[in-house]
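Report on the structure given below.
The values are calculated or read from the model by the stated rules, or taken from the named source; none is laboratory data. Model, not experiment: these values are computed from the prediction. Here the Cβ positions follow ideal geometry from the backbone for every residue, glycine too, while neighbour counts run over all protein chains shown.
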Amino acid sequence: QGVDPSPHPQDLLKHLVALQQRSLTNSSRRQYRTTWGQWWTFCSQLGVSVWLPANRPYSQSIRLTLFAVYCWVGRLPSGRISAGSVRSKLSHIRWYHRLYADCDPELTPSHGLVLAGMQRVSGPPGTREPVTFVMLQWIMDGLNPSTALHRVIGGAAVLGFFFLLRSAEYLAVKDTRRNYTLQPRSNGEHHISR
């Protein structure tokens with residue numbers, strides 16, 4: 001009783017669909033599903049189908065662009081999102097269309113400029129401040145050492161603080177290793193310096 005070597009179209013189709021759906025990791029699939037729900041809500045508010053017309057590139061582009069603006073100006077429950085997050089959401093919608101509608105909607109060049117404008121208006125991401133001992137002290141002062149959960153949080157904060165400081169020692173500059181140390185400053189902050 002060997003394996004039947006003749007292909008069964010039904011079995012092959014099951015594998016095809018399974019492989020298409022496995023093109024995303026589980027964590028990505030959750031994010032894509034969230035975006036698809038937001039897209040569905042947006043399309044419902046406009047009174048249009050969630051499926052973009054396959055052979056009408058301008059219609060695809062204008063609707064995707066309007067959704068991008070909708071997300072960027074803060075109409076989502078989570079509020080305003082960055083231009084990079086908007087780009088991600090558009091790629092999620094494109095994935096659903098590739099999988100279920102067998103089309104790959106894109107933005108026209110002029111609509112692509114909208115995303116470039118979002119990026120420029122948003123500006124570069126904010127600079128991060130150095131990790132300071134004052135931050136750790138603030139966390140520790142808010143904890144009650146007689147509570148087991150607070151002791152765990154305190155331990156995690158100390159470990160996190162230590163590893164954030166230590167990680168700077170492993171930064172490679174032009175393929176060379178540099179020694180970094182924690183330097184106390186007169187204002188009570190501890191900065192990582194060479």
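What about SER146, is it outside the structural domain of THR25 (by TED's automatic domain parsing) and among the hydroxyl-bearing types (Ser, Thr, Tyr)?
So SER146 passes the test.
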Please work out if SER44 is among the small types (Gly, Ala, Ser), surrounded by 14 or more Cβ atoms within 10 Å (Cβ to Cβ) and assigned to a helix (DSSP H, G or I). no
Would you list the helices (runs of 4 or more DSSP H) that sit entirely within region 72-180 and hold 1 or more residues that are touching an Asp or Glu at 6+ places or on another chain (Cβ under 8 Å) and at pLDDT 90 or above? 83-96
Leading residue by the ranking (surrounded by the most Cβ atoms within 10 Å (Cβ to Cβ)) among those in region 91-113 that are touching a helix residue (DSSP H, G or I) at 6+ places or on another chain (Cβ under 6 Å) and among the aliphatic types (A, V, I, L, M): ILE93
Of (1) closer than 30 Å to GLY123 by Cα; (2) of a type outside the set (Lys, Arg); (3) modelled with pLDDT of 95 or more, VAL50 satisfies every one except (1)
